[in-house]
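Remarks on the structure that follows.
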Amino acid sequence: VSADVVSGVAGDIGPGPVLVFPGQGSQWVGMGAQLLDESPVFAARIAECEQALSPHVDWSLTEVLRGDGAELSRVEVVQPVLWAVMVSLAAVWADRGVTPAAVIGHSQGEMAAACVAGALSLEDAARIVAVRGDALRRLQGHGDMASLGTGAEQTTGLIGDRPGVSIAAVNGPASTVISGPPEHVAAVVAEAETQGLRARLIDVGYASHNPQIDQLTDELTERLSDIRPTTTDVAFYSTVSAERLADTTALDTGYWVTNLRQRVRFADTVEALLADGYRLFIEASPHPVLALAMEETIEQADMPATVVPTLRRDHGDTVQLTHAAAQAFVAGAPIDWRRWFPT
């Protein structure tokens, strides 16, 4: 990766910062626990998220964050918890002076993106992510997903004629995700490994962004029928359509069904943001799972831009947040250091 990708060009962030929200995979046991004690802003937003989730779940968000992590193995728990942590990290960035000019979300991350952008209320976003996770339980055991260190064309060749396997996400020039029946996904991984390619199964146990999701269409449509998105001034770049949504009232029930069913066009959407002049990408997550794919996309586009993480696995305190803020500041983000170090 070029030095420009890592360091960026100080002060040149184009229209403003982009907040990036990944899908499932950035979770780790203990994420958010230290910030509950160290950051009043984070703790307050988590409390609001817990209240918004409470009509739809039978567990406590705070208890899961402070617990032993056992609950994070359940899809109906981990997805809402990740959503809440990402929304709350965005609140911390905002408190320190960094509000997004644009947002982008990957799969379930789009719910956090829409909420932070103001296109969805906290209550509607909580409902979508809770219903989504609950519905996916019906498909557990019938599908798997895997991450491959290959581009879309090479991945298509690896899949071959294996039935039910499809590309679930294109994250970067050499980063894709596949989904489908467990035995066929495992066969693709084995084939990739024999060719010396990076490949690993993702611990989810279902097949998102795959025809298997069609089994959930009626349920999701009914349970999310009264979602009420609104317009917002924050640019929402859709990884379903790989472009900016001109009108975020389009983030209705049908959109969220499509979000789960269709391929995630993350790399294409990052390219669209770069083409529109955005130069600072902050991944608002417990661990930077999309950073490498973004850096590869930026390098391929041959544009100077900076990718900044927020927390990292086993580094979830205000010290890590300060490091992230310093990186963003060097790249031109308007960090309010008086908020970070009050006198």
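The values are calculated or read from the model by the stated rules, or taken from the named source; none is laboratory data. All values derive from a computational prediction rather than experimental measurement. All Cβ positions, even for glycine, are placed from backbone atoms using ideal geometry, and neighbour counts span all protein chains on display.
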query = Checking ARG338 against (1) modelled with pLDDT under 95; (2) in a loop (DSSP other than H, G, I, E, B), which test does it fail?
reply = (2)
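Looking only at segment 206-215, decide whether some residue is farther than 27 Å from VAL257 by Cβ and in contact with a strand residue (DSSP E or B) (Cβ under 7 Å, 6 or more places away or on another chain). Write out each step before concluding.
Our first condition is that a residue be farther than 27 Å from VAL257 by Cβ; within segment 206-215, this holds for none.
The answer is no; no qualifying residue exists.
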inquiry  = Please count how many residues of segment 264-305 are of a type in the set (Asp, Glu) and under 18 Å from the mean Cα position of the chain (by Cα).
reply    = 5
note = How many residues of segment 114-165 are in a strand (DSSP E or B) and in contact with a helix residue (DSSP H, G or I) (Cβ under 6 Å, 6 or more places away or on another chain)? The answer is 3
query = Looking at MET294, is it at pLDDT below 95, outside any strand (DSSP E or B) and closer than 18 Å to VAL18 by Cβ?
reply = no
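Return yes or no: is GLY205 touching a residue at least 60 places away in the same chain (Cβ under 8 Å), touching a Leu at 6+ places or on another chain (Cβ under 9 Å) and farther than 23 Å from THR269 by Cβ?
Details: touching a residue at least 60 places away in the same chain (Cβ under 8 Å): yes; touching a Leu at 6+ places or on another chain (Cβ under 9 Å): yes; farther than 23 Å from THR269 by Cβ: yes.
For GLY205, the condition - touching a residue at least 60 places away in the same chain (Cβ under 8 Å), touching a Leu at 6+ places or on another chain (Cβ under 9 Å) and farther than 23 Å from THR269 by Cβ - is met.
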query = When segment 3-26 is examined, which residues are found to be at pLDDT 95 or above and buried (at least 21 other Cβ atoms within 10 Å of the Cβ)?
reply = PRO17, VAL18, LEU19, VAL20, PHE21, PRO22
note = A careful count of residues in segment 27-61 that are surrounded by 15 or more Cβ atoms within 10 Å (Cβ to Cβ), part of a loop (DSSP other than H, G, I, E, B) and free of Cβ contacts under 8 Å to residues at least 24 places away in the same chain gives 1
key: Conditions (1) part of a loop (DSSP other than H, G, I, E, B); (2) within 21 Å of ALA135 (Cβ to Cβ); (3) without any contact (Cβ under 8 Å) to a residue 60 or more places away in the chain: number failed by VAL77   = (1)
query = When you go through (1) crowded, with 20+ Cβ neighbours inside 10 Å; (2) closer than 27 Å to ALA293 by Cα one by one for VAL64, which number turns out not to apply?
reply = (2)
note = Of (1) at pLDDT 95 or above; (2) surrounded by fewer than 23 Cβ atoms within 10 Å (Cβ to Cβ); (3) basic (Lys, Arg), ARG137 satisfies every one except (1)
remark   = Screening ASP218, ASP226 for residues that are modelled with pLDDT under 95 and assigned by TED's automatic domain parsing to the domain that holds ARG261 leaves only ASP226
query = Is it the case that segment 313-323 has a residue that's touching a residue at least 60 places away in the same chain (Cβ under 8 Å) and among the β-branched types (Val, Ile, Thr)?
reply = yes
message = Quick check on this structure: which one of SER73, SER54, SER107 is touching a strand residue (DSSP E or B) at 6+ places or on another chain (Cβ under 8 Å) and over 23 Å from TRP340 (Cβ atoms)?
response = SER107
key: Residue within segment 300-314 that is aliphatic (A, V, I, L, M), part of a loop (DSSP other than H, G, I, E, B) and at pLDDT 95 or above present   = yes
inquiry  = Please determine whether any residue of segment 93-110 is of a type in the set (Phe, Trp, Tyr) and under 20 Å from the mean Cα position of the chain (by Cα).
reply    = yes
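For segment 166-187, give me each residue that is assigned to a loop (DSSP other than H, G, I, E, B) and closer than 23 Å to VAL289 by Cα.
Within segment 166-187, PRO173, ALA174 meet the criteria.
Looking at ALA333, ALA324, ALA328 in this structure, which one is over 15 Å from ALA101 (Cβ atoms) and outside any strand (DSSP E or B)? Spell out how you get there, then give the answer.
Values: ALA333 fails: over 15 Å from ALA101 (Cβ atoms); ALA328 fails: over 15 Å from ALA101 (Cβ atoms).
Criteria check complete, one pass: ALA324.
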task = Name the helices (runs of 4 or more DSSP H) wholly inside segment 188-291 in which the number of residues that are surrounded by fewer than 16 Cβ atoms within 10 Å (Cβ to Cβ) and among the charged types (D, E, K, R) is 2 or more.
result = 217-223
note = The condition of being under 17 Å from TRP256 (Cβ atoms), touching a residue at least 24 places away in the same chain (Cβ under 8 Å) and either of a type outside the set (D, E, K, R) or surrounded by 22 or more Cβ atoms within 10 Å (Cβ to Cβ) (or both) holds, among LEU158, LEU122, only for LEU122
